Amino acid sequence: MENRGSESEQQKRLRASRRAVIKLGTGIVTGSDGLFNASHLEPVARTIALLKKGGRQIVLVSSGAVGLGRGRLGLHRDRLNDMVMRQACAAVGQSLLMHEYENLFQTHGIQLAQVLLTEGDFVDRTRYSNLRETMEALLKLGVLPIVNENDTVSTAELDYLNIRAGERIFSDNDRLAALVMSHIDADALVLLTDVDGLMELGPSGSKTAGAKVIPLVEEITPELKALALGPSEGGRGGMLTKLAAAEIAMQAGGVAVIANGTKADTLGQIFEGEPAGTVFLSKTRMAGKRRWIAYAAGVRGRVIVNAGAREALTGGKASLLASGVTGVEGEFEAAEVVSIVDAEGLEFARGISDFSRGDAQGLIGDGKSGNGAHAAEGAVRTSKRATVLVKRDNIVLLDRK
């Protein structure tokens, strides 16, 4: 529920934000005809120029390449259901998108940089660090980075990284924008779409008839997620993906806003702390490495634990010992992220394994120690089972509400 204290806090934090990621949805960037929507983007560009002039650092995450490519090629929207055709449209549309942005921002004297990202830029820790350094350099130079997924190669890299569709780091630009925001420690994430924000149900149970925007969210609950169900028409994400992005932003200690980018004054209102859309205000902040484990790292395998280990881990103070592990699945090396699941297969945590799958398997014994000639062997087995497989500092508990 909104209160004066929280309202004051959200206004203060948005006005004071010095670094922000702004994501433009497909419905903002392109029209139904597949053409660049300059009428929507001109006020956005003007506001970004003013924000930069005021000392803010801005990163723009833009959808629209696939839509522009489809429009240039004269293809029906249904053709985009084919992944190869989406990639072809993206290849055509990327250059068109950057050309339009160059025309849009050159009147404001803003230099642009195109940053195309794939899953590997987040999964691989070296590339992850390199991305941070590149973004920092661009921002210090006063450049406006324009970020998008590299659709033309992303599927091939998913195969190379052995990441299944259900385990994707990001499958839409909402989540991509949130991961970028988290990675560069931005203060704010703004998701501009073609609706006014997260809508509550109207008197008739409809999201349209008499429904109002929820102005402030301080916790993302299952009830909120139920309100958000349903994809958008032109893009890959809907309100549910925006809630997931907002959740990442909140864990990063930032402020997220979902607002209507078709209204010319929306972006300016947001950074003035004026009411606009739905604001998501965080109460806590997860450390950077832990955010990487929870949201950005690729999960390589599964570690199955017993009830005692689950209780110890969820208590928040224990490392994962070999004695608490009943099995390992998948192929992973030391220093890679694994999913930690209970006996029913429910994932409740993730962590960085200190051992490869083979070495971890070798540490898991039956817990029995022998007598006489087998005493030494039993002592070794007991010692192995006391080995830490995943350190406490490298474990993140997952909220599965």
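For the reader, a short list of remarks on this structure follows.
- Filtered by the rule that a residue be surrounded by fewer than 17 Cβ atoms within 10 Å (Cβ to Cβ) and at pLDDT 85 or above, segment 276-308 gives ASN306, ALA307, GLY308.
- Pairs with Cβ under 8 Å, 6+ apart, first in segment 175-189 and of a type in the set (Asp, Glu), second assigned to a loop (DSSP other than H, G, I, E, B): ASP185/ALA252; ASP187/SER17; ASP187/ARG18; ASP187/GLY254
- Of all positions in segment 162-174, at least one carries a residue that is buried (at least 19 other Cβ atoms within 10 Å of the Cβ), modelled with pLDDT of 85 or more and closer than 22 Å to ILE22 by Cβ.
To keep it simple, each residue is scored yes or no on (1) among the small types (Gly, Ala, Ser); (2) at negative phi; (3) crowded, with 17+ Cβ neighbours inside 10 Å; (4) not in a helix (DSSP H, G or I).
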residue: PRO43; (1), (2), (3), (4): no, yes, yes, no
residue: ALA49; (1), (2), (3), (4): yes, yes, yes, no
residue: LEU60; (1), (2), (3), (4): no, yes, yes, yes
residue: LEU80; (1), (2), (3), (4): no, yes, yes, no
residue: HIS99; (1), (2), (3), (4): no, yes, no, no
residue: HIS108; (1), (2), (3), (4): no, yes, no, yes
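- ASP121 meets the conditions (1) at pLDDT 90 or above; (2) under 19 Å from the mean Cα position of the chain (by Cα) in every case but one. The failed one is (1).
- Members of segment 309-320 that are at pLDDT below 90 and of a type outside the set (Gly, Ala, Ser): THR314, LYS317
- Cβ pairs under 6 Å, 6+ apart, first in segment 247-260 and under 12 Å from LYS23 (Cβ atoms), second among the β-branched types (Val, Ile, Thr) and part of a strand (DSSP E or B): VAL257/VAL190; VAL257/VAL279; ILE258/THR278
- Any hit, segment 5-21, residues being aliphatic (A, V, I, L, M), at pLDDT 90 or above, assigned to a strand (DSSP E or B) and over 18 Å from ASP265 (Cβ atoms): yes
- Conditions (1) surrounded by fewer than 19 Cβ atoms within 10 Å (Cβ to Cβ); (2) in contact (Cβ under 8 Å) with a residue 24 or more places away in the chain; number of the one not met by CYS89: (1)
- Selection count where residues are within 9 Å of VAL66 (Cα to Cα) and over 24 Å from the mean Cα position of the chain (by Cα), scope segment 90-107: 1
- Residue within segment 326-341 that is at pLDDT 85 or above, among the hydrophobic types (A, V, I, L, M, F, W, C) and under 21 Å from LYS242 (Cβ atoms) present: no
- Residue match in segment 4-15 (condition: assigned by TED's automatic domain parsing to the domain that holds THR221, surrounded by 14 or more Cβ atoms within 10 Å (Cβ to Cβ) and under 21 Å from LEU112 (Cβ atoms)): no
- You will find that of LEU96, LEU116, the residue that is touching a strand residue (DSSP E or B) at 6+ places or on another chain (Cβ under 9 Å) and closer than 28 Å to TYR295 by Cα is LEU116 and no other.
- Checked against the criterion of being on the phi > 0 side of the Ramachandran plot and loosely packed, with under 12 Cβ neighbours inside 10 Å, the candidates GLY315, GLY330, GLY345 yield just one match: GLY345.
- Here THR284 clears all of (1) assigned by TED's automatic domain parsing to the domain that holds LEU179; (2) of a type outside the set (D, E, K, R); (3) touching a helix residue (DSSP H, G or I) at 6+ places or on another chain (Cβ under 7 Å) except the condition numbered (3).
The values are calculated or read from the model by the stated rules, or taken from the named source; none is laboratory data. Because the structure is a prediction, the values reported are computed rather than measured. When we count neighbours, we look across all protein chains shown, and the Cβ atoms used for this are built from the backbone with ideal geometry, even at glycine.
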